[in-house]
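Working notes for the structure below.
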Amino acid sequence: MGVIMLRKILKYSIICFIFLNFVFFKVSFADDYNEGVYTSKTITVDNNLPKTKMPNVNAAAAIVVDMDSGRVLYEKNAYSRRAIASTTKIMTAIVAIENGNLDDIVTVSKRAANTSGSTIDLKEGEQLTLKDMLYGLMLNSGNDAAIAIAEHIGGSVEDFADMMNEKAKELGAKDTHFVTPHGLDTPGHYSTAYDMALITRYALTNPVFSSIVCTKSSSIKGRQLYNTNEMLSIYPGANGVKTGYTGQAGRCLVTSSTRDNWRIVSVVLGCSTRTQRAGSSQNMLDYAYKTYKTHDLIKENEKIKDIPVIKGIKKSVPILAVNSISFPLKQEEVNSIKREIFLPQSIHAPIKAGVEVGEIKYFLNGKVFASTALITGESIRRKGFLDYFGEILSTWGRLMRMESSETAMKNVE
């Protein structure tokens, strides 16, 4: 009887041990799909809420920025370094897109096939195109796809991480360091809400990346993929970007949203639940849309003024703006905008079209917030001998006509 009892105790102890290890594994290493059920609910926007009310944000760090100008519309601990989980894959994807060919064949290594966390169940030796791998990476948040992509593009995971860090440096993400292409908790792997917004703004300028991250579902080589980004289904205007979850990072979400041709990007890091990360993202985006409106300050190739030309065949040359400037402003800021035009009083011929000759700057509260170069709008050659001779003849002819007219008037009198 004692032996039977011991066997039962041993059996249940083993079961409990396996269960506890499973729970620990899920908490420590799970990513996206393994983080619990989120109830889909369509979010409606109440535009009658007070515009001055700050958003309720249940995140350790958060930010909302304008896609084009990068203006920070709201932030909370946005410059503190944190674990970022699978939002890492935003950089993984853009580095792969820029350095690979979408039709490349990617062969799955043993290391990739054995990667933990959320996966697309890649098998060792299996081959998929880089494009299919990218969809598996960004929709299902496949950690195995991240490793396969890194090895294909960089030669090794470590060399690919170097490429990611080089890109981060190039973009000015000063508080970011990548160790892995998937974002599972690893010492020395971190970023900030601000840097993730910076990286995302850059990535979204790539049409391939932008197309992938707004896709709700797709299929690749016997696999049906579903985007882990709940905002695509519940927030009007949402068109990206990436979810993330690990034990250290908490629930993370980078969202892109476009309304009335105005695109903004939000980042939340360190939320406790998926509901909190979605709700916090919604609140920040709503705040930005209600508090700010984009204003077109100047258009590309817009004529600013004409400048006198010295010794040219034309008396003046039109001056044009190089870039359009559109900037999000609060209503009370609109009338405070000032602009200054920096141009020479005149320009000597010859003049070539498209030559930078000045700059226009926009100021808010005494600080420059936007500027663009000013260029010549057309080519004007310098006067030559024949031009001056022609002017003399033209002047002589005009004087002769005036004299003839005066003589005729006297004869009439």
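The values are calculated or read from the model by the stated rules, or taken from the named source; none is laboratory data. Values in this document were obtained by computation on a predicted structure and should not be read as measured data. Using ideal geometry, Cβ is built from the backbone for each residue, glycine included, and neighbour counts are taken over all protein chains shown.
Quick look at the values:
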| item | result |
| --- | --- |
| Answer residue from the stretch 340-388, given it is part of a strand (DSSP E or B) and touching a residue at least 60 places away in the same chain (Cβ under 8 Å) and is nearest to residue 308 (Cα to Cα) among those | 380 |
| In the stretch 192-226, the residues that are in contact (Cβ under 8 Å) with a residue 60 or more places away in the chain and out of contact with any helix residue (DSSP H, G or I) (no Cβ under 8 Å at 6 or more places or on another chain) | 192, 193, 194, 197, 201, 217, 226 |
| Options 171, 225, 137, 204: the member that is crowded, with 24+ Cβ neighbours inside 10 Å, assigned by TED's automatic domain parsing to the domain that holds residue 94 and not polar (S, T, N, Q) | 137 |
| Any hit, the stretch 301-310, residues being in a strand (DSSP E or B), within 12 Å of residue 375 (Cβ to Cβ), of a type in the set (Asp, Glu) and out of contact with any helix residue (DSSP H, G or I) (no Cβ under 9 Å at 6 or more places or on another chain) | no |
| Search result, residues across the stretch 241-273 that are at pLDDT below 95 and either farther than 19 Å from residue 200 by Cα or in a strand (DSSP E or B) (or both) | 260 |
| Unique residue being closer than 20 Å to residue 358 by Cα and touching a strand residue (DSSP E or B) at 6+ places or on another chain (Cβ under 8 Å) when the list is 306, 296 | 306 |
| Selection status of residue 224, outside any strand (DSSP E or B) and modelled with pLDDT of 95 or more | no |
| Answer residue from the stretch 232-256, given it is hydroxyl-bearing (Ser, Thr, Tyr) and crowded, with 24+ Cβ neighbours inside 10 Å and is farthest from residue 275 (Cα to Cα) among those | 256 |
| Residues located in the stretch 297-334, provided they are under 30 Å from residue 242 (Cβ atoms) and either aliphatic (A, V, I, L, M) or in the same structural domain as residue 267 (by TED's automatic domain parsing) (or both) | 325, 329 |
| The stretch 285-333, subset of a type in the set (Lys, Arg) and more than 25 Å from the chain's Cα centre (by Cα), residue surrounded by the most Cβ atoms within 10 Å (Cβ to Cβ) | 314 |
| Test result for residue 87, closer than 22 Å to residue 187 by Cα and in contact with a Cys (Cβ under 9 Å, 6 or more places away or on another chain) | yes |
| Candidate set: the stretch 125-144, residues that are assigned to a helix (DSSP H, G or I) and in contact with a strand residue (DSSP E or B) (Cβ under 8 Å, 6 or more places away or on another chain); chosen: the one farthest from residue 108 (Cα to Cα) | 138 |
| Within the stretch 91-121, tally of residues that are touching a Pro at 6+ places or on another chain (Cβ under 9 Å), of a type outside the set (A, V, I, L, M, F, W, C) and over 12 Å from residue 133 (Cβ atoms) | 0 |
| Any chance residue 355 is over 19 Å from residue 71 (Cβ atoms) and surrounded by 15 or more Cβ atoms within 10 Å (Cβ to Cβ) | no |
| Hits in the stretch 182-218 - residues which are part of a loop (DSSP other than H, G, I, E, B), closer than 23 Å to residue 157 by Cα and in contact with a Leu (Cβ under 9 Å, 6 or more places away or on another chain) | 182, 192 |
